[in-house]
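Have a look at the structure below before the remarks.
The values are calculated or read from the model by the stated rules, or taken from the named source; none is laboratory data. The structure presented is a predicted model; accordingly, all values stated were derived computationally and were not measured. Note that each Cβ is placed from the backbone with ideal geometry, even for glycine, and that neighbours are counted across all protein chains shown. The accessibility values were calculated without ligands, DNA or RNA, using every heavy atom of the protein model including side chains. Shrake-Rupley method; radii C 1.70, N 1.55, O 1.52, S 1.80 Å.
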Amino acid sequence: MELVRGRDPYLQELLWFAVCCRVLTLLLQASALFNLLIPDHAADAFSPPRLAEPGFCDLLLEGLLGGLSRWDAEHFLFIAERGYVYEHNFAFFPVFPLSVRAVAEVALWPLQWLLRLRSRLLLSAALLNSLFSVLAAAALYKLGCAVLRCRRMAFLAALLFCISPANVFMAAAYSESMFAFLGFSAMWHLEKGQSWHSGLLFSLASGVRANGLVNAGFFAYSRSKRFALQLQVGPGSVSKLPPFWRRLLSLGSSVIFTCAGIFLPFVLFQYYAHMRFCAPGTGLSQSIPKPLLQLALDKDYRLAAVDRFKPPWCSQRFPVLYSYIQEAYWNVGFLRYFELRQIPNFLLALPVTLLGLGAAWTYLTANPRHCLTLGLERRSYEEEQGEDKTGTGFCCPAVLVYVVHAAVLLLFGVFCMHVQVLTRFLGSSTPILYWFSAHLLQEYEPLLWSEGTDKETRASLSEKSVLGDCLAGSSEKGISENPIVRLLCSYRLNTPVTKCILGYFLSYWLLGLILHCNFLPWT
């Protein structure tokens, strides 16, 4: 696989660190302190009945990985097992549960004599998300190298992703890890000019989470920027370009077709929902087990159309079930979460909000003209030469589109969503959270100033196992060259900025495991 090929010592160390973090996450959520000894909270969440009596191996697996099946994970596992039975199941997109079911039926088929389907689905989700989170870290590193043009900052940002505040959702049976992998990979391929690869990955991402639709803006901006720069070429170069009308037609057609491909999974999913609920006389209730029908009666869950009864959204001009579910079931809408009783949730989202706002402000003040022109202005030769010397890192011109993307998601999340989900919403959707945190660490932490050149760092990394040296105490200096581990080993010497950033990442990493795995409210 292109993502993990090569002998890049940064990438090799990143993959090792990511695997260690995944293993540690699974061990902690299954440990006595986090899952077995802490009693589960009696949450009013979706909890369908188990139709088959679990065996000994099923109970053992539930004890080990049961913490990964809380809250929305129940929806994904239920969809993977039973399909879309209830109306509110359609808030969860199909690519992730289909992938979980495929792995459970194919790769884990030999375990069918030991584990029932539901247990195999849980194991499948844990394995898939462990894989996707490691690959997402690698994709973020590759993307950072292409955009930031600073491998050390890209490496640091990818390491921060491994201890993301949204860590528990990267491990649980949620779609965040798959979405992060697809999104970061698509952005990386687009930066390399591989439009078709990028479009395919963006399309798959929109079948994983609804906010994948926003990623169409990356492709539209990339094409528009190329077109705008071509309009500003010198007179000698104009004759070498195709006619204006042909370039304009190429721009319009490529943007329309690619964006249509990105929107296609969402449209097909809504069409499937419309056929299930708005087409009369389906008679699907006859194939639903009685315990699930009873659950629908007890909880007032709506099933597919029966006896010509249609839900109210079917009569809307644009019958989109997803937006109806968000409004009717979870009261999602503009300013609907601005209530006094939601202040604790706003405080929970405050750190990621401050990081997002800080990133936007830092970039805007560093590149005011570039932001005002939307990066569509061709720079002079002198400016390009100056950029070659200084235009690396978080404030380089190429970061603009990612800052705008993160700002749009942040504003939408604050004003139109349940604000506590902002941490995982941004943590799995944008690289800005990790790039800006890495920028702050490199800007304000003296312990990172002595890393030397890229060449020197590569040599030190290739001579020894970075993480292993710190853990085993075999480093010549007694301190690991892995910047995150080194900062943690020297925590008392860190600056307040470093303590705040690492404290935020690690506290949410740990608290998420403790609370989420025991059905306690979390982000």
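What shape does the stretch 35-192 have by the C-alpha gyration tensor, where a ≥ b ≥ c are the square roots of the eigenvalues, rounded means a/c under 1.5, and otherwise prolate means a/b greater than b/c and oblate the rest? If you can, show how the numbers build up before the last one.
Working: a/c = 2.09, a/b = 1.92, b/c = 1.08.
Taking the square roots of the gyration eigenvalues as a ≥ b ≥ c, the stretch 35-192 is prolate.
Restricting the trypsin sites (Lys or Arg not before Pro) of the stretch 300-352 to loop positions (DSSP other than H, G, I, E, B) with no more than 11 neighbouring Cβ atoms within 10 Å leaves Arg308, Arg317. Working from Cα pairs under 8 Å separated by at least six residues, relative contact order for the stretch 106-170 is 26 percent. Using θ = phi - 60° in the Karplus curve 6.51 cos²θ - 1.76 cosθ + 1.60, the 3J(HN,Hα) couplings for the stretch 192-208 round to 7, x, 8, 5, 5, 4, 4, x, 5, 5, 4, 5, 4, 5, 6, x, 9 Hz; x is entered for Gly and Pro. Our note on the geometry: Cα centres of the stretch 149-180 and the stretch 409-427, 17 Å apart.
With θ taken as phi - 60° and the Karplus curve 6.51 cos²θ - 1.76 cosθ + 1.60 applied, the whole-hertz 3J(HN,Hα) list for the stretch 321-332 is 5, 4, 5, 5, 4, 4, 7, 7, 8, 10, 6, 8 Hz, x standing for glycine and proline.
For Phe519, nonlocal amide neighbours, meaning residues 5 or more places apart or on other chains whose placed amide H falls under 5 Å from its own, are His41. Counting only heavy atoms of the protein chains and using a 1.4 Å probe, Cys395 has close to 40 Å² of accessible surface.
Taking every protein chain into account, the 1.4 Å probe leaves Phe244 with about 100 Å² of accessible area, to the nearest ten.
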